[in-house]
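Enquirer: Structure in structure tokens, see below.
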Amino acid sequence: DHDRSGELYRRACEVMPACVNSPVRAFRSVGGEPMFYERGEGCFVIDEDGNRYADYVCSWGPLILGHAHPDVVDAVATAAASGLSFGAPCRQEVELAEIVTSAAPHLEMVRFVSSGTEAVMSAVRLARGATGRDTVVKFTGCYHGHADHLLVSAGSGLATFGTPSSDGVPESFARHTVVLPLDDEQAFVELMGDRGNEIAAVIIEGVPANSGLLIQTPDYMQLVRDECTRHGALLILDEVITGFRLGPNGAAGLYGVVPDLATYGKVIGGGMPVGAYGGSRDLMEKLAPLGPVYQAGTLSGNPVAMAAGIATLRTLLADGGSAYARLEELGARLEKGIARVFDEDNLPWSVVRVGSILWLALQDGEPPRRFEDIESACVETYAALHVALLERGVSLAPSAYEVMFVSLAHDEVVIDATIEAFQEAVEEIT
């Protein structure tokens, strides 16, 4: 029964483009109509018709503790009772900044904003201001929000000037962005050798997780770090998904690289709209009012959002960070179970995992490290699997390119029930 969701969908389509406020929610790549959620409880979401689903979207990553965690809810309620916004400094933003900078050794200072897009946009501006250069390098398959100069895709050849991948983005903006394939050492070294003195920053997702889960090798990440240092470009590590998801030091700790600037979102807001960017004191003090690089935000450091972040990070970092060992355990259990289903059905598919982030590589061969190596046929297969799992009470992201997130609210019972649902769903669609 989805009558109530269907009614809301029809009403939404009259007043919101495609009925949604973010495109992937529209279910266009998996078919059907989106469910409208009424509430979340732990690792479950319940839609407006009362249907209950084990949730592996987790609000696209922020809900690492699960839905409506009591400590987060209490912190938000307490902060809200004292005022929703001041547009002025508050205690909570200081406390969250202290937690974030203490956990990540490459961060001496941070500035809070209201989204990951805003964090990346601001970090790029800071890099350009600090270096006096204009060009930014990004990689295909890496998503850094919807700022104009980063909504670009690669053309032919090893390295091209970016071309806009959205109408409304002037080509003159995109010309300052160079796009390269991931996991191609020669292309990167050649670009830096040819144009290194023009490049303000190289930006890369900690683990690219918006176009599959494209885990890079430590050697490649170190090469990127070394080449940036050699040519005076800044390395921006986009940790919006991986920051405090993979551990206190995120992907920087996973790979053992030290970025010049890092961007955050998702987990540090505990489900509230929060972003942040940070780096060395020398770089961050180039921001206004101390320096010439301007960035501001009316709701930056919002006390309610800061309170949610504080409660989330304190829970994660308690007991020496034992929460991350638990997330690893749960992620590994789900990975092994789904992989066993694929193997028992003689399917050449694989499960890619890093910590509590998983992705279904529904194709032959080794899991891809580059967006170009993802086969388009997997989209149709995923759509069928998505529908079959929803019918069995399991909610995955409505896109073959998106990942699964496990939270601390998941447990062995839910994980094992999910694996059983996969078994039934895979048998149905194959």
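Enquirer: Tell me the net charge near Gly66. Cut-off is 13 Å between Cβ atoms, Gly66 excluded, with +1 for each Lys or Arg and -1 for each Asp or Glu.
Expert: Numbers: positive: Arg39, Arg326; negative: Glu41, Asp55, Asp71, Asp411.
That works out to -2.
Enquirer: Just order 203-211, 52-60 by mean Cβ neighbour count inside 10 Å, highest at the front, would you? Please list the in-between numbers first.
Expert: Working: 203-211: 25.6, 52-60: 20.6.
Sorting 203-211, 52-60 by mean packing, highest first, produces 203-211, 52-60.
Enquirer: Hey, can you grab everything whose amide H is under 5 Å from the amide H of Ala201? Only 5+ residues off in sequence or another chain; H modelled, so Pro and N-termini drop out.
Expert: Counting only residues 5 or more places away or on other chains, the set is Val137, Leu234.
Enquirer: A further question follows. Under the Cβ-under-4.7 Å rule, which cysteines of the chain stay unpaired?
Expert: Cys43, Cys58, Cys90, Cys142, Cys228, Cys378
Enquirer: So, one more: Would you pull out the residues with amide H under 5 Å of Met404's amide H, same chain only if 5 or more places away, H placed 1.01 Å from N?
Expert: Under 5 Å from the amide H of Met404 lie the amide H atoms of Leu358, Trp359, each far enough along the sequence or on another chain.
Enquirer: Using a 1.4 Å probe and counting only protein heavy atoms, arrange Thr430, Thr135 so the residue with the most accessible area comes first.
Expert: Sorted descending by solvent-accessible area, the residues read Thr430, Thr135.
Enquirer: Where the centroid of each part is defined by its Cα atoms, how far is region 337-372 from region 27-103 in Å?
Expert: 29
Enquirer: Would you mind counting up the charge near Glu412? Only other residues with Cβ under 10 Å from its Cβ, with Lys and Arg at +1 and Asp and Glu at -1. The partial results should precede the final answer.
Expert: Values: positive: Arg333; negative: Glu329, Asp411, Asp416.
Here the count lands on -2.
Enquirer: Output the antiparallel fraction of DSSP beta bridges having both residues in the chain, as a percent to the nearest 5.
Expert: 60
Enquirer: By the scheme Lys and Arg +1, Asp and Glu -1, what is the net charge of all other residues having a beta-carbon under 15 Å from that of Leu126?
Expert: -1
Enquirer: Helix-only mean residue ellipticity at 222 nm, the chain, DSSP H runs n ≥ 4 weighted -39,500 (n - 2.57), per residue, nearest 500. What is it?
Expert: On the way: 13 runs with 163 residues, N = 430.
Using -39500 (n - 2.57) per qualifying helix, the result is -12000 deg cm²/dmol.
Enquirer: Quick check on packing: order 232-239, 125-132, 189-196 by the mean number of other C-beta atoms within 10 Å, highest mean leading. Write out the running numbers ahead of the final one.
Expert: Numbers: 232-239: 26.4, 125-132: 19.6, 189-196: 15.9.
Per-residue Cβ counts within 10 Å, averaged per peptide and sorted highest first, yield 232-239, 125-132, 189-196.
The values are calculated or read from the model by the stated rules, or taken from the named source; none is laboratory data. Small disclaimer: the values here were computed from a predicted structure and weren't measured. Positions of Cβ are generated from backbone atoms using ideal geometry, with glycine treated the same way; all protein chains shown enter the neighbour counts. Surface areas here come from the heavy atoms of the whole protein model, side chains and all, with no ligands, DNA or RNA. Shrake-Rupley method; radii C 1.70, N 1.55, O 1.52, S 1.80 Å.
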